[in-house]
Amino acid sequence: MKPQNFVEQVIWYSAIGTYGLYFLGAQYIFIPAIAWLLTLYLCKQIWQQAQNSSANKITIPLSIWVWIASMLLLELALIMGHIDFDLGLTKTIFSSINNWARQYALLALFPLIGCLNIRPQILYRAACIICLQSLVFAAISCLIVILQLPHIEYISPLAILGGGSDELYSVDFYEIEYGTNLLRLKLFAPWCPELGMIANVYFFLTLQEQNSKWKILGVAGAIAMIIGSFSRAAILCLPVVIALVWFLGKLAQPITYIILAIASFVTSIFTPQLVNSIQTSREQFDSFRASSSEVRGLLVNLALDRWYEAPIWGHGVVTPWLNTPGIGTHHTWVGLLFIRGIVGFLAFAVPLFCSFLDLLFKVQKSNTAKVGMSIILVLFIFSSVIDISYIVHLYWLGLVMLGIAFKEYI
C-alpha cells in the first residue's frame, strides 16, 4: 500500500508519523496546518479544472457545503460574542485562530479534502499502522508501571506558541487515577476519554482493511486503546454504534420491520423491569467514577443556568469557575450553547443532522457510507461527553473518510 499522488502522500506520511509528531508536541500545530494547505491545494485544483475542461472534475457534495456554511456561521457567533462582552480585537483574533481555525473549521476542511483523489484504502491502512503503534506503546506503558520504571512525561517547548492548554503539547502515555490507582492510557491524546473517542473512530476504519493481518492488528490496537482508556463512553460507544449501523443498513429490508414489531411487543410487556434495569445501570455507570460525573454534571448545570445571560451569541469564551476547567467545557452541545449561544448550537446541530440524513440513504448499499455513518454516530455520542472540537486534529482521518463517503453517488 503506497500513496499514488501528492494528497495521498501528505495524508499517509502525516498519519503514520502520528507518534513522531506526538513526541515533538507538534500535532496541534502540524495537522491544522495540513488541513489549510490541502484546502488551498483543492482550491488550486478547482481553479485549474475551470481553465481546463478535460481535467478530472472535483465535485463538492451538498453535505460538505452545509458544513462549510455552518462553520463560517460559528465564526460569526464567535466574533459577535466577543463584541457583546467587550473582549477586544486581540482576544477576538486569538480566539478565531485557536478556537475556530485550528478546531471547529477543521470539521469542514477535512471532509472537503476528502473530495480530492484519495483512496479509502490508504486511510484504512494508515489507521491500522497507528493502532499497531499504539498497541506497542500501550504494552510499554504497562511494563513501565509493573516494573516501576521512571514515568516518561514532559511538555514540548512548542507549548510556548500557545493556542491551547499544555496538555495539547504534553507527552504522557498514561495516568494513575487518583483514588483508584487505576492505570488509564492517554497515549497520543491529551486525556483518557479523548483517546477512547479516537480509538472508536479508528476501529471503524481498521475494520475495512482488506489485508487480514493488518486488519487484526489494527482492530486489536483500537480495542486496546478503548479498554485501556477506561472511558465509560468509549466502551459503550463501540457496541452501540456497531448495532445502530447494522440496523440502519437494513432499513430497506422487510425483516427489519418484523424484528422491530416483535421487539416493541416484548418491550411493552417488560417495561417496568427495563426501566428499573436502566436506572440501576445508570447509577452504576455514574458511580464507577463518581467524582468525574459530579464535576461534569456541575459544569453542565452551571452552563445551562447562565445561558440566559447571552442566549443568541453566547459568552464568547470559557468562563473560569473555582478549580474546574471552566464553564463551557466537558460537553460539546452545552459548551456551544454557553460560549456561542443558540447560533453556535445550531451551526453544529444542522450539519450533523444533514450528514446523518445524507448517509442514511447511502448506507443501504455502500460500505463506504457505513464507515461514514459510524463516524457520525461516534461524533454524536461523544459530543455529549467531551468537547470534540478540541481534538479534531487527532481523529482527522475519520473526517477525511467522511468526505469520501459524502461524495459517493452524487
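Checking the condition under 21 Å from residue 189 (Cα atoms) and more than 15 Å from the chain's Cα centre (by Cα), which residue from 335, 344 passes? Write out each step before concluding.
Working: 344 fails: under 21 Å from residue 189 (Cα atoms).
Exactly one residue qualifies, and that residue is 335.
Here are some residues: 248, 205. Which one is touching a residue at least 40 places away in the same chain (Cβ under 8 Å) and within 26 Å of residue 1 (Cα to Cα)? Outline the logic, then answer.
On the way: 248 fails: within 26 Å of residue 1 (Cα to Cα).
None of the others qualify; the one that does is 205.
Among what's in the range 77-98 and is closer than 28 Å to residue 404 by Cα and touching a residue at least 60 places away in the same chain (Cβ under 8 Å), pick the residue that is farthest from the chain's Cα centre (by Cα). Full working, then the answer.
The first filter runs over the range 77-98 and keeps only residues closer than 28 Å to residue 404 by Cα, leaving 96-98.
Checking which are touching a residue at least 60 places away in the same chain (Cβ under 8 Å) leaves us with 97-98.
Values: 97: 19, 98: 17 Å.
Selected residue: 97.
Residues that are closer than 22 Å to residue 357 by Cα and at pLDDT 95 or above: find the helices (runs of 4 or more DSSP H) completely inside the range 165-262 holding 1 or more of those. Spell out the reasoning first.
Working: elements: 192-206, 212-229, 232-249.
In the range 165-262, 192-206, 232-249 are the helices (runs of 4 or more DSSP H) which contain 1 or more residues that are closer than 22 Å to residue 357 by Cα and at pLDDT 95 or above.
With (1) farther than 26 Å from residue 238 by Cβ; (2) touching a Ser or Thr at 6+ places or on another chain (Cβ under 7 Å); (3) at pLDDT 95 or above as the list, and residue 343 as the residue in question, which single condition is left unmet?
(2)
Just to check your reading of the model, which residue among 232, 184 is basic (Lys, Arg), under 20 Å from the mean Cα position of the chain (by Cα), farther than 20 Å from residue 14 by Cα and open to solvent by less than 20 Å² (accessible area, probe 1.4 Å)? Show your work before the answer.
On the way: 232 fails: open to solvent by less than 20 Å² (accessible area, probe 1.4 Å).
Going through 232, 184 in turn, the sole match is 184.
Residue-wise test of (1) in a helix (DSSP H, G or I); (2) at pLDDT 95 or above; (3) among the polar types (S, T, N, Q); (4) surrounded by fewer than 24 Cβ atoms within 10 Å (Cβ to Cβ).
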position	(1), (2), (3), (4)
90	yes, no, yes, yes
103	yes, no, yes, yes
111	yes, yes, no, no
121	yes, yes, yes, yes
126	yes, yes, no, no
132	yes, yes, no, yes
135	yes, yes, no, yes
142	yes, no, no, yes
148	no, no, yes, yes
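The values are calculated or read from the model by the stated rules, or taken from the named source; none is laboratory data. As the structure is a prediction and not an experimental result, all values here were calculated from the model. Neighbour counts are summed over all protein chains in view; Cβ atoms, including those assigned to glycine, are modelled from backbone coordinates with ideal geometry. Protein only, heavy atoms only, side chains kept; ligands, DNA and RNA dropped before computing areas. Shrake-Rupley method; radii C 1.70, N 1.55, O 1.52, S 1.80 Å.
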